[in-house]
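First the structure, in the form of structure tokens, and then the observations on it.
The values are calculated or read from the model by the stated rules, or taken from the named source; none is laboratory data. Just so it is clear, the structure is predicted and the values come from calculations on it, not from any experiment. Reconstructed Cβ throughout: ideal geometry from the backbone, glycine too, with neighbour counts over all protein chains shown. With ligands, DNA and RNA removed, areas are computed over all heavy atoms of the protein, side chains included. Shrake-Rupley method; radii C 1.70, N 1.55, O 1.52, S 1.80 Å.
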Amino acid sequence: MDLPRLAVILQAALSPIPEERKAAEESLNQFQYTPQHLVRLLQIIVDSNCDLAVRQVASIHFKNFVAKNWSPNEPDEPQKISASDKGVVRENILAFIILVPQLLRAQLGECLKTIINADYPEQWPNLLQWIKFNLQSQDQIFGALYVLRILSRKYEFKSEEERLPVYHIVEETFAHLLNIFHRLIQIANPPTEVADLIKLICKIFWSSFYLEVPKQLYDPNVFNAWMILFLTILERPVPLEGQPTDPELRKSWVWWKVKKWTIQILIRLYTRFGDLKLQNPEHKAFAQMFQKNYAGKILECHLRLLNAIRSGDYMPDRIINLVLQYLNCSISRNSMYNLLQPQLDTVLFEIIFPLMCFNDNDQRLWNEDPHEYVRKGYDIIEDLYSPRTAAMDFVSELVRKRGKANLHKFVQFIVEILRRYDEAPLELKPFRQKDGALLAIGTLCDKLKQTEPYKSELERMLVQHVFPEFKSPVGYLRAKAAWVAGQYAYINFSDQSNFLRTLHCIVSGLKDPELPVRVDSIFALRPFVEACKDLDDLRPMLPQLLDDFFKLMNEVENEDLVFTLETIVDKFGEEMAPYALGLCQNLAAAFWRCLNASEADDEGDDTGALAAVGCLRAISTILESVSRLPHLYVQIEPTLLPIMRKMLTTDGQDVFEEVLEMVSYMTFYSPSVSLEMWSLWPLMVEALNEWAIDYFENILIPLDNYISRGTAHFLACKEPDYQQSLWNMLSTIMGDKNMEDNDIQPAPKLIQVLFQNCKGQVDHWVEPYLRIVIERLRRAEKSSLKCLLIEVIADALFYNASLTLGILQRLGVATDVFNVWFQMLQEVKKGGARANFRREYDKKVCCLGLTSLLVLSEEQLPAEALGRVFCATLELLVSYKDQVAEALGRVFCATLELLVSYKDQVAEAKKDADVEDDDMDGFRTDDDEDESDKEMGDDEEEEEMS
């Protein structure tokens, strides 16, 4: 296809008319593998006379085609792009990178990444020389840096053996990078183009040393030259001129990006290579040099940066977070802590604490988009960028590592804030400072619960400073009160009414008009439910609580919400029976909402997907809680079937394990396996054959249930033919020489299920299964697999000893099989313990198989063989009896220990009830000073074997 025609088709791909667009896409797909197609696309991308929209379509098509076809997925797969076309692309794409607009450069950059990952260095040996040459050409520096960044990133996370090329890259290019960096730093009033170049240099440096410092940087002079430049960037104020006014654009402004990358590099050097305790001997000199010459200077620069926040200057959240990370790492190192100590009070009280307080941005988000406020508050990724999270981490680390000097001081600071808040009239109360104080109290929870005098004052603190905020006119204080209460739910309340009062306040919060308050209340409820000792306190609230819970689930997608529901279900067990159907219906509806939201999300946010997983996990928890009420499963089944049908296909790969667990419950505890549930068998077998081999152990459980609990249907049904389906699957897996022994262990277990449950009804399958078992036994290396394969033979003997022995003799393997079996029975470990067939179940199966031989005639089992079988069986029975007796003894001892422990606890509780608690002063403000089973799928086997 010539260039003009290709351009016309690309233009048609932009048509608003669906038919024209579809025809264009079909033409592109039709001609994409023709020679020169890729080259012509590249020509259109760089043609400045061509319409930009057409060039963009060409770049996207080019990127997608390269990503899919540049490298074959399999070694024997043919190349879809000719060597000549690849050569033309490699020769031209480097120069084109700087000629195209940023919009197109991003697409070509992705292509270049694919090509470099596939071809460098073997198929593209001159790439590094091109970079090195262009780094020395003034008008080609950007292109060279752009390509070098992509090249260095290839090795960022590689292991030491795979990182060898990066050392050559550093040797060839870093001297030039250093010179360019030095020249750029000298430019007065630099434009943003300079920042773009410095940012690329920082990224190249980052990728080159992330896991290991290249040996060239161990030269003190070279390393010092780099550090001078990084420290210059760190100390130099970001230019005020040109900064965007829009907050979102401002934090992403290129000069702030340069600052961020510089700080990130210095933190990485400090934490990975600057800690003497972490270094192996050959790196110790470097660590000592870094600690002595640079760590302190960097800390001083960071403290000056933080001082700018005190003055009200702007700084992006990510940079504040990174700076505090550096300070956090400095707390545990004596030399660094000594440098930090003179300014610690200023940092702690004037920088850290204000960052912990509710601020203008929080208020704006609370008012304008409460859903986003909630999402940010419970998003782990957001924590990586949050100054507040970094401030909390700093306080936690400070009291953990330097608590003796700082805990009391910080607590007194918080107490003073609480006192001022209590004394101020309503219109003058420092609500935001109270929010920060409550956050600090929650952050210090673990330390305060272990430290006197605070440990004794926690209940009083909750009553005096947290309870009132449940009724605060300020929404964020109501939310923070719920959060703090949740942190302290597990303390020993001396007055149980205080526990109940807190619980009632949290439950009331579920009806709060403000969404964040409702969400924090539901999260706080979970620890209180876990800590609740008397379910009578919760029982009356349960119906309304569940109703409020699902109303909130309709508003918010968050997996942590489901954790609370799981806790409630676990706590109440079978008492959830009246609500089980409604719960499953609500959770199923929530699952579909979360799934649809996740599929529609273009930004790759996993919140909906995680919440969907949580819904399925909660459903399994409910199914388990009502396992002794099988009639409920019949009612629940229609709600869950659509989920199971869809998610047992490739659509459900992310939740496959959770869905299999649901299928296991439904097939094990239902009164019978319904025809609708049988429709899931082909889906699981197809998944196992095509992509789900890693889940074989999980699939084993429901397949076991189908055969053991639906035996009649399994045997009678011919459309589909489940017996044939099982054979096709197991014979393929057992015969696969590429599969490891561990991977196929569920296969012999399923054959055992067949023989145990279908006695006298699958004679025609005995020989085929024995053939594949014996074949695999010859190749098996792991003793665990050998045991399972021998147990299949034992089960076959128990199924029909005469038939099985006749088949083994006809195949000429009977003697060999029994020799292997008896040899394995005799093998012991160094300590004398049995090496094989160690479980009670293993011994039982072997005994049943061997005893089945004892009834055979002398023609089938000669006297000599009978003697060996008899002796082996007797030894096994004795071993089995001893193992059972030992297990019963352990149960008895454990029960006795529990009874003694319970008696001691009762006595201790009675003693404590007679002793008054002493008052402590930890949280008192000045105003208070004068005041006073078996696993699913196994039961049927055990019954059959008994």
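What is the log10 of I(q)/I(0) for segment 9-140, computed with the Debye formula using one identical point scatterer on each Cα and no solvent, at q = 0.20 Å⁻¹?
Debye output, listed in q order: -1.24.
Looking at segment 142-274, what % of the alpha carbon pairs are farther apart than 17 Å?
59
Taking the Cα atoms of the chain, what is the range of coordinates along each of the three principal axes, in descending order and whole Å?
Each principal axis gives a Cα extent; for the chain these are 104, 92, 65 Å.
Could you estimate the translational diffusion coefficient of segment 342-477 from the Stokes-Einstein equation, with Rh from the Kirkwood formula over C-alpha pairs, at 10 °C and 1.306 mPa s, in whole µm²/s?
Translational D for this selection: 100 µm²/s.
Relative to 2.2 N^0.38 Å, what does the C-alpha radius of gyration of segment 768-829 come to as a ratio? Two decimals please.
1.07
Could you state how much accessible area residue 592 has, in square angstrom rounded to the nearest 10, with a 1.4 Å probe and all protein chains kept in place?
Its accessible surface works out to 70 Å², give or take rounding.
Efficiency by 1/(1 + (r/R0)^6): what FRET value for residue 73 and residue 716, r their Cβ-Cβ distance, R0 = 41 Å, to the nearest 0.05?
0.45
Using only Cα atoms, locate the centre of segment 698-762 and the centre of segment 297-361, then give the distance between them in Å, rounded to an integer.
Measuring centre to centre over Cα atoms gives 63 Å.
Tell me which of 418, 463, 443 sits at the most positive position along the dipole axis of segment 401-471, charges placed on C-beta atoms (Lys, Arg +1; Asp, Glu -1).
Value: 443.
How long are the three semi-axes of the equivalent ellipsoid of segment 496-589, in whole Å, if each is the root of 5 times an eigenvalue of the C-alpha gyration tensor, listed from largest down?
Taking √(5λ) for each eigenvalue gives 19, 17, 11 Å, largest first.
Could you give each residue of segment 58-63 its phi-based ³J(HN,Hα) in whole Hz, using Karplus coefficients 6.51, -1.76, 1.60 with θ = phi - 60°, and x for Gly or Pro?
Taking θ as phi minus 60°, the curve returns 4, 5, 5, 4, 4, 4 Hz for segment 58-63.
Please name which of 833, 291, 876 has its Cα lying farthest along the dipole of the chain towards the positive end, using unit charges on Cβ (Lys, Arg +1; Asp, Glu -1) and the Cα centre as origin.
291
With just the Cα atoms defining each centre, how far is segment 516-534 from segment 14-90? Give it in Å.
So the separation of the two Cα centres works out to 55 Å.
Given N residues in segment 195-249, what is its alpha carbon radius of gyration divided by 2.2 N^0.38 Å?
Here the Cα radius of gyration is 1.46 times the empirical estimate.
Could you calculate the contour length gain from residue 283 to residue 743, that is, 0.36 nm times the residue separation minus the distance between their Cα atoms, to one decimal place in nm?
Answer, rounded to one decimal: 161.5 nm.
Sort 50, 584 by accessible area with a 1.4 Å probe, largest first.
The ranking, largest first, comes out as 50, 584.
Per q in 0.13, 0.15 Å⁻¹, report the Debye log10 I(q)/I(0) for segment 557-719, using one uniform scatterer on each alpha carbon and no solvent.
These q points yield log10 I(q)/I(0) values of -0.61, -0.81.
Principal axis extents for segment 308-354, Cα atoms only, whole Å, descending order, please.
31, 20, 15
Between residue 29 and residue 599, what is the label-point separation in nm under the 7 Å Cα-to-beta-carbon projection?
According to this spin-label approximation, the distance is 2.0 nm.
Heavy atoms only, 1.4 Å probe, whole protein assembly: order 526, 163, 375 by accessible area, highest first.
526, 375, 163
Using packing as a proxy for protection, rank 354-361, 179-186 so that the peptide with the highest average count of other Cβ atoms within 10 Å comes first.
So the peptides 354-361, 179-186, ranked by packing, come out 354-361, 179-186.
What are the equivalent ellipsoid semi-axes of segment 135-214, built from the alpha-carbon gyration tensor (square roots of five times its eigenvalues), in whole angstrom, biggest first?
Over the Cα atoms of segment 135-214, the semi-axes work out to 24, 12, 11 Å.
What does the extension gain come out to for residue 158 and residue 426, with contour length at 0.36 nm per residue minus their alpha carbon separation?
90.6 nm
May I ask for log10 I(q)/I(0) of segment 1-73 at q = 0.13, 0.27 Å⁻¹, from a Debye sum over the Cα atoms as equal point scatterers with solvent left out?
-0.34, -1.36
Applying the Karplus parametrisation 6.51 cos²θ - 1.76 cosθ + 1.60 with θ = phi - 60° to the phi angles of segment 428-435, what ³J(HN,Hα) value in whole Hz is obtained for each residue in order, glycine and proline being reported as x?
Whole-Hz 3J(HN,Hα) from phi for segment 428-435: 10, 5, x, 4, 5, 5, 4, 4.
Can you give me the Cα centroid spacing of segment 375-430 and segment 229-259 in angstrom?
Centre-to-centre distance over Cα atoms comes out at 28 Å.
Excluding ligands and nucleic acids, what accessible area in Å² is computed for residue 271 using a 1.4 Å probe, to the nearest 10?
Answer for residue 271: close to 40 Å² accessible.
Quick check for you: which residues of segment 671-709 have the amide N under 17 Å from the point 7 Å beyond the Cα of residue 759 toward its beta carbon?
Within reach of a label on residue 759, which here means backbone N under 17 Å from a point 7 Å along Cα→Cβ, segment 671-709 contributes 708-709.
Please work out how much length the chain gains when fully extended from residue 236 to residue 883, using 0.36 nm per residue of separation minus the C-alpha to C-alpha distance, in nm with one decimal.
So the chain would gain 225.5 nm between residue 236 and residue 883.
Could you tell me the calculated FRET efficiency between residue 349 and residue 530, based on Cβ-Cβ distance and R0 = 30 angstrom, to the nearest 0.05?
0.30
List the pair-distance distribution P(r) of segment 721-899, using every Cα-Cα distance, as the percent of pairs falling in each 5 Å bin from 0 up to the bin containing the longest distance, rounded to whole percents.
So the P(r) values, bin by bin, are 1, 7, 16, 19, 19, 15, 9, 6, 3, 2, 1, 0.
State the dimensionless ratio Rg/Rh of segment 658-755 (Rg: radius of gyration of Cα atoms; Rh: Kirkwood radius).
Rg/Rh for segment 658-755 comes to 0.94.
When only alpha-carbon atoms count, how far does segment 638-709 stretch along each of its three principal axes, as whole angstroms with the largest first?
Between the extreme Cα coordinates on each principal axis of segment 638-709 lie 31, 24, 18 Å.
I need the semi-axes of the equivalent ellipsoid of segment 209-352: take the C-alpha gyration tensor, multiply each eigenvalue by 5, square-root it, list largest first in whole angstrom.
Taking √(5λ) for each eigenvalue gives 27, 19, 12 Å, largest first.
With r as the distance between the Cβ atoms of residue 182 and residue 99 and R0 = 22 Å, compute the FRET efficiency 1/(1 + (r/R0)^6) and round to 0.05.
Efficiency for this residue pair is about 0.20.
Considering Cα pairs under 8 angstrom that are at least six residues apart, work out the relative contact order of segment 721-899 and quote it in whole percent.
Reported relative contact order: 18 percent.
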